[in-house]
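Read-outs: derived from the displayed coordinates by stated rules, not from any lab. Treat the numbers as computed from the prediction; the structure is a model and nothing was measured. Here the Cβ positions follow ideal geometry from the backbone for every residue, glycine too, while neighbour counts run over all protein chains shown.
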Amino acid sequence: MMNLNALKIDPEFQGKIPPLTFEELNQLEANILRDGRIINPIIVWQGLIVDGHNRFTIAKKHPEIPFTTHEKAFANRYEAIIWICKNQLGRRNLTPEQKKYLIGKQYEAEKCANGGDRKSPAAKSGYGKRNLIGAPKTCYKVAAESGVGRTYVIEAEHYAKGLDAAEEAVPGTRQKVLSGEVKPTAAEIASVARAPPEERPALVAEICKLKPPKPPAQKQKAPPAVAAPLPDASTSDEKAPDEEPTSTPAPSEPIFPQKENEPLKVDRQQILEIANNRYHAKQLADGAAMLCEVSGAANTMIRRWESVFRDYPDILTDTENRNAVKRNIQKIKDYLQKLEDKL
């Protein structure tokens, strides 16, 4: 069994792995403890983990659990990234955002592995010039492997570059986007890479704002089949006729739109209802109405804590981090106890 301390996490490699949710990570740990061993090997290259970051985290937490490693051979980092992307695309139930990001990173790495930018210093120097493959051919290759179109691959590369730029500007953004916690559009994400570096933090904050759900489309009501004529201006409401007309037009006779120079026909009762419903008495907020704030604050705390624990599982494994979490839990307990004593 390889020494745990000999394994290293490469941030660039780890950033290509769609992270497990807090619940999935707990379930994986429970399964490993039940089996008494880590069944799937941790895949490594030159001591760097290329697959099995979550298993590695659990192995550090439970050093008594045996595990195995499998060494992969790659010519360079680009080939390692290509393998990671293909491996994740083939084994996960991915969200659309995760799939687009992985395809974009694979395309980016494929171009570098095949010679990269022809204007780069390496290409100009003649190194590997015979192995240069045009970007269009690489794009079609990645598209065929992923079952998408060439345009999708190009858009995925812009999306991946924008998401990496957003992560560099505001750490944690990539996880929020790929997990679906925030839902900016692909175009908004791609725009981050094109923005000046000093403007990116503000841009990321803007596009990652939680957007209110769109109200459901309201069906337009059909005009009434029969409409009573409006009373003359000199006629009061009391003298206005309430009875229905004695005759109705034939079905083939159009009711709406009105003919030119024809008096407008409307439902008088409908107008009265609209007028009466225009104004509503204002109500002052009371304790019962503000209970939603209390409930919302509790739900927000739970959601944010779970998000942090999911994104940074070492908080629950590192001794100092765990002690800090316990202190915060105690602080909340003390407050809730004082509050409960008042009730």
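So here's what we get for this one:
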read-out: Environment charge of ILE32, counting only residues whose C-beta is closer than 14 Å and scoring Lys/Arg +1, Asp/Glu -1; value: +1
read-out: Nearest-0.05 FRET efficiency for PHE74 and TYR335, computed from C-beta distance (R0 35 Å); value: 0.10
read-out: Burial order of peptide ranges 35-45, 312-322 (average beta-carbon count within 10 Å, highest first); value: 35-45, 312-322
read-out: Virtual paramagnetic centre 7 Å along Cα→Cβ of VAL294, amide N under 17 Å, in region 319-343; value: 333-343
read-out: Out-of-range pairs (alpha-carbon distance over 31 Å; input LYS60/LYS331; LYS183/LYS342; LYS100/LYS333); value: LYS183/LYS342; LYS100/LYS333
